[in-house]
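Only one structure is covered here, and it is reproduced in the block below.
The values are calculated or read from the model by the stated rules, or taken from the named source; none is laboratory data. What you are looking at is a predicted structure, and each value in this text was computed from that prediction instead of being measured. Note: ideal-geometry Cβ built from the backbone for every residue, glycine included; neighbour counts use all protein chains shown.
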Amino acid sequence: MGNLPTIIQGGMGAGVSSWRLARAVSRLGQLGVVSGTALDSILARRLQDGDPGGHMRRGLDQFPIPEIAERVWGRYYIPGGKAERAPYKSLPTHSKDTPLELKELCVVANFVEVILAREGHDNPVGINYLEKVQLPHLPSIYGAMLAGVGYVLMGAGVPLKIPGVLDRFTNHEPATYLLQVTGAQDDDDRTMVFTPREFVGRDLPPLTRPKFIAIIASNTLATTMLKKADGKVDGFVIEGYTAGGHNAPPRGKLQLDERGEAIYGERDTVDLEKILALGIPFWLAGGYGSPEKLAEALDAGGSGVQVGTAFAFCEESGLKNSCKCALLEKARSGTARVFTDPVASPTSFPFKVAQLGGSLSEDQVYSARPRICDLGYLREAYRMPSGAIDYRCSAEPVTTYLSKGGKLEDTVGKKCLCNALMANIGHPQVRNGKYTEQALITSGNNLAGIDRFLPEGSKTYTAGDAVRKLLSPTPHMKLG
């Protein structure tokens, strides 16, 4: 694989690992990674906010099919930005047969995020996707590849078909992806299709295939990926349950401790000797944001570490400044806390929530929120009695979810992560001019120690500060 990064910056949240952060990390010779989650909505909202700084326009100007870029600009750009209390324009939601307008926005948004992250240096940039968010996969990946993305990383599922998609898009060939549909029968049509030549309407030169890194949490999944993936797997990120965002569920029956958090045990620990024996590069993640843990990963035969939390709170991250400042202050005062919520996510994966500690708890904020699902990235596809495919979300209105065959117990404690993640980065939806969506910050367990990245006398730190701290020598560190 040639020169490998020692540090992979985690692909965090919707827009937290933005183009600014990824560019800053890649400029330093490590692997900057943009989050591919909800980039279509993020681009649309940036344009409706008036495109501050003109960065989106600069990215759009580099898109290889100008007429598509101009359609996106024309649909969403508001000169000077929308009024503060005005809502953002509603987008169509992804489906097995996503409308053309949304496909165009999705391709362009992934292109823009990657092309901006690549500005000013010649080092690779990566993009991170969640396998569970399947509906946008094909147009998203194609857009990122048009921009020359160097790595595609994917977790939150078993991404067996992604390597083959990368192979086919290299020559602009059609790619398919089988949608996971609850209750599907063998003869149901679940195949999503994206045909690049029909989309672009012209011949384009071949693309460079990005390296594919699977994010996994077990030896079984590592072996499965190597045996059954329909293309080359170039490496693994081995992610432990202390990492931020979604965590793999504990193996075996779910048990909760006295705080209500999922209990992990020995069965959830990856045997690194077996991973090493597979003979492909790997990086360790989840609590590896320190020089000592980097040295430990290298000693175990790894190529390095993936680090999220250390970068989530730096100046270049997309997280809104008020949240960064509040949680950095908690870290400095020793009061930072992260709760692994076993029910918050509609995916049913445990999800880590940083406790902001305002006048209301995160649960109280969400008990007062109207249950609305209008972004739909975490919806579940299911088979209707007619055989058609429909979509439901356990965070949508309870009566709506039940009418679609959902179970009442699956709605308890669910939170609309899609809208919350948009609020986290300063693009909250406004409802009827009154209710504004609230943030719900995710972080790894290392939140309590992020103040170690602060330069003396400073209340903020940069991505460069984090990289230098992580690479600072320890007595036994051996950097290749």
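Apart from one condition, T195 fits all of (1) over 23 Å from the mean Cα position of the chain (by Cα); (2) touching a residue at least 40 places away in the same chain (Cβ under 8 Å); (3) closer than 30 Å to M384 by Cα; the exception is (2). Taking first residues from segment 138-151 that are more than 16 Å from L116 (Cβ to Cβ) and partners that are of a type in the set (K, R) and part of a helix (DSSP H, G or I), the Cβ contacts under 9 Å between residues at least 6 apart in sequence or on separate chains come to L138/K103; P139/K103. Taken residue by residue, segment 52-68 has no member that is among the small types (G, A, S) and closer than 19 Å to D374 by Cα.
When each of Y151, Y177 is tested for being among the aromatic types (F, W, Y), touching a strand residue (DSSP E or B) at 6+ places or on another chain (Cβ under 7 Å) and under 16 Å from K132 (Cα atoms), the lone residue that passes is Y177.
Yes/no per residue for (1) buried (at least 22 other Cβ atoms within 10 Å of the Cβ); (2) within 22 Å of V305 (Cα to Cα):
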residue: I216; (1), (2): yes, yes
residue: T223; (1), (2): no, yes
residue: D230; (1), (2): no, no
residue: I238; (1), (2): yes, yes
residue: G245; (1), (2): yes, yes
residue: R259; (1), (2): no, no
residue: D268; (1), (2): no, yes
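Per the conditions (1) under 19 Å from R45 (Cα atoms); (2) assigned to a loop (DSSP other than H, G, I, E, B); (3) not hydrophobic (A, V, I, L, M, F, W, C), the sole criterion not satisfied by T460 is (1).
Just to be sure, is S386 surrounded by fewer than 15 Cβ atoms within 10 Å (Cβ to Cβ) and not in a helix (DSSP H, G or I)? Here the answer is yes, as S386 does meet what is asked. Cβ separations smaller than 9 Å between residues 6+ apart or across chains give the following pairs from segment 232-258 residues that are modelled with pLDDT of 80 or more and of a type in the set (K, R) to residues that are crowded, with 17+ Cβ neighbours inside 10 Å and part of a loop (DSSP other than H, G, I, E, B): K232/R209. If you go through segment 109-146 and keep only what is of a type in the set (G, A, S) and buried (at least 24 other Cβ atoms within 10 Å of the Cβ), you end up with A109, A117, G126, S140, G143, A144. Remark: pairs (first residue in segment 33-50, without any contact (Cβ under 8 Å) to a residue 60 or more places away in the chain; second residue among the small types (G, A, S); Cβ separation under 9 Å; 6+ apart in sequence or on different chains) = Q48/G81; Q48/A86; G50/G80; G50/G81. Flag: G376 does not match the condition of being assigned to a loop (DSSP other than H, G, I, E, B), of a type outside the set (D, E), more than 19 Å from the chain's Cα centre (by Cα) and within 24 Å of K407 (Cα to Cα).
Might you check whether a residue that is of a type in the set (F, W, Y) and either within 21 Å of A463 (Cβ to Cβ) or touching a helix residue (DSSP H, G or I) at 6+ places or on another chain (Cβ under 9 Å) (or both) occurs anywhere in segment 260-278? There is no residue in segment 260-278 that is of a type in the set (F, W, Y) and either within 21 Å of A463 (Cβ to Cβ) or touching a helix residue (DSSP H, G or I) at 6+ places or on another chain (Cβ under 9 Å) (or both). From the list I115, I213, the lone residue that is of a type in the set (V, I, T) and within 16 Å of the chain's Cα centre (by Cα) is I213. Exactly one residue out of F212, F169 is over 12 Å from H137 (Cβ atoms), surrounded by 19 or more Cβ atoms within 10 Å (Cβ to Cβ) and modelled with pLDDT of 95 or more: that is F212. Within segment 69-81, if we keep just the residues that are buried (at least 16 other Cβ atoms within 10 Å of the Cβ) and of a type outside the set (S, T, Y), the residue that is farthest from the chain's Cα centre (by Cα) turns out to be R71. Note on segment 277-301: residues that are within 15 Å of T6 (Cα to Cα), surrounded by fewer than 24 Cβ atoms within 10 Å (Cβ to Cβ) and small (G, A, S) total 5.
To keep it simple, each residue is scored yes or no on (1) basic (K, R); (2) over 26 Å from K89 (Cβ atoms); (3) more than 23 Å from the chain's Cα centre (by Cα).
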{"residue": "L421", "(1), (2), (3)": "no, no, no"}
{"residue": "N424", "(1), (2), (3)": "no, no, no"}
{"residue": "K434", "(1), (2), (3)": "yes, no, yes"}
{"residue": "S443", "(1), (2), (3)": "no, yes, no"}
{"residue": "A448", "(1), (2), (3)": "no, yes, no"}
{"residue": "R452", "(1), (2), (3)": "yes, yes, yes"}
{"residue": "T462", "(1), (2), (3)": "no, yes, no"}
{"residue": "K469", "(1), (2), (3)": "yes, yes, yes"}
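From the list L421, L440, the lone residue that is surrounded by 15 or more Cβ atoms within 10 Å (Cβ to Cβ) and either in a loop (DSSP other than H, G, I, E, B) or without any contact (Cβ under 8 Å) to a residue 12 or more places away in the chain (or both) is L440.
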